[in-house]
1. Inspect the stretch 27-50 for any residue being hydrophobic (A, V, I, L, M, F, W, C) and more than 30 Å from Phe161 (Cα to Cα) and give the result as yes or no.
2. Report those helices (runs of 4 or more DSSP H) wholly inside the stretch 42-85 carrying at least 1 residues which are over 21 Å from Asp112 (Cα atoms) and open to solvent by 10 Å² or more (accessible area, probe 1.4 Å).
3. Residues to consider are Leu120, Leu125, Leu156, Leu142; find the one that is hydrophobic (A, V, I, L, M, F, W, C), more than 12 Å from Asn12 (Cα to Cα) and over 13 Å from the mean Cα position of the chain (by Cα).
4. Could you tell me which residue of the stretch 1-26 is least open to solvent (accessible area, probe 1.4 Å), considering only residues that are over 26 Å from Ser164 (Cβ atoms) and among the basic types (Lys, Arg)?
5. What residue, among those in the stretch 9-36 that are in a helix (DSSP H, G or I) and touching a Cys at 6+ places or on another chain (Cβ under 9 Å), is farthest from ligand 1 (Cβ to nearest atom)?
6. Does the stretch 30-41 hold any residues that are closer than 18 Å to Ala117 by Cβ and surrounded by fewer than 20 Cβ atoms within 10 Å (Cβ to Cβ), and which are they?
7. So the check is Cβ under 9 Å with 6+ separation or different chains; which pairs have a first residue in the stretch 197-223 that's open to solvent by 30 Å² or more (accessible area, probe 1.4 Å) and a second one that's near ligand 1 (Cβ under 8 Å from one of its atoms) and aromatic (Phe, Trp, Tyr)?
8. When the stretch 119-172 is examined, which residues are found to be closer than 21 Å to Asn201 by Cβ and open to solvent by 40 Å² or more (accessible area, probe 1.4 Å)?
Amino acid sequence: MTDKLLIAVWGNPNSGKTVTAVKLAQAFAARRKNVLLLCCDALCPSVSTIAPQAVSKHSSLGELLSLPVLTQEELLRYTLPLNTSPRIALLGYKKGDNVFSYASYDRDRAVDLLTLARHLADVVLVDCASYLSADPLSAVALEVADAVVRLHSCDLKSLMFYASYMPLIGDARFRRPTLVSVLSNVKVEQDSREYIQVFSNIQVTLPHLSMLEQQAASARLLDELSGKEALDYNTSIQQIMRLLSSQNQQKPSKPAPSSIVLPFGKIAGVLQRIWSKRGEDK
Ligand SMILES: Nc1ncnc2c1ncn2[C@@H]1O[C@H](COP(=O)(O)OP(=O)(O)O)[C@@H](O)[C@H]1O
Ligand SMILES: [Mg+2]
């Protein structure tokens with residue numbers, strides 16, 4: 001695997017971007033990589049839910065982005081090392097921050113931050129906001145990342161999100177060398193086949209894991225997931241790691257053609273089947 005990696009984790013709201021970014025951070029840390037987990041969702045600041053014990057020492061990413069000059073020293077000053085996970089450091093918004101808390105910043109500032117971040121860690125994992133218009137840093141991360149892990153939920157809201165968003169990221173600059181498409185948080189009772197077909201390029205399915213749901217609910221995402229129950233979930237995380245690694249080794253290569261056009265005919269098919277099923281149920 002190439003030494004320095006910038007990975008953007010992006011997807012529809014509530015698809016599991018934050019929990020997956022944390023689990024990938026742990027997987028890289030287990031491979032002795034130093035990881036900077038950059039939580040840039042200003043709509044829902046997550047640092048205090050990932051490491052509540054470290055919150056008192058935490059300075060906001062919003063403040064860092066609005067400094068007159070951005071330097072490596074400042075970036076280090078705002079980055080939160082974790083005693084419990086020594087290879088992982090966090091940078092993100094503070095509890096209570098919102099999109100109006102800090103001065104707005106431009107694209108160049110976002111590029112500078114990500115460039116500096118690349119020098120700081122072996123792996124920079126960007127936990128992006130779903131709504132790119134509300135978060136320039138997430139949008140720029142999707143443009144400059146070596147790899148994008150794109151999460152899709154197994155539900156109609158996810159279909160609608162992607163139907164609306166795909167045209168917005170159709171530009172060539174959003175085609176990254178590596179794209180790992182994931183169907184996320186899939187419950188046993190859900191029929192994922194139809195969604196795999198509609199999203200067409202799904203490579204990995206991350207199963208729903210109640211242990212993980214509990215971790216998220218109790219702000220303990222940095223605990224390890226172990227035991228038989230977590231086996232399938234951990235296997236899927238390793239599958240994502242393999243895809244990131246094998247595709248990244250081919251760098252520099254032509255950007256992978258991104259299957260950015262959602263098959264609207266198939267979406268209509270799914271909706272029609274659901275509606276006709278509801279008709280039968282009546
Ligand atoms: N694989 C999973 N198994 C169980 N619960 C999950 C899984 N992925 C996500 N979740 C649940 O979904 C919620 C939203 O996940 P989160 O990562 O915060 O979403 P996002 O960052 O995309 O908004 C979590 O609080 C957790 O309860
Ligand atoms: Mg999140």
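The values are calculated or read from the model by the stated rules, or taken from the named source; none is laboratory data. No experiment lies behind these values; they were computed from the predicted model shown. Ideal geometry is used to build each Cβ from the backbone, glycine not excepted, and the neighbour counts take in all protein chains shown. Ligands, DNA and RNA are stripped out before the accessible areas are found, and what is left, the full protein with its side chains, is counted by its heavy atoms. Shrake-Rupley method; radii C 1.70, N 1.55, O 1.52, S 1.80 Å.
1. The answer is yes, given that some residue of the stretch 27-50 is hydrophobic (A, V, I, L, M, F, W, C) and more than 30 Å from Phe161 (Cα to Cα).
2. On the way: elements: 47-50, 61-65, 72-78.
So the answer is 47-50.
3. It is Leu120.
4. Here the residue is Lys23.
5. My answer is Ala21.
6. Lys33, Asn34
7. Going by the 9 Å Cβ cut-off, the qualifying pairs are Pro207/Tyr233; His208/Tyr233; Met211/Tyr233.
8. Scanning the stretch 119-172 gives Asp155, Leu156, Lys157, Met160, Ser164, Pro167, Leu168, Asp171, Ala172.
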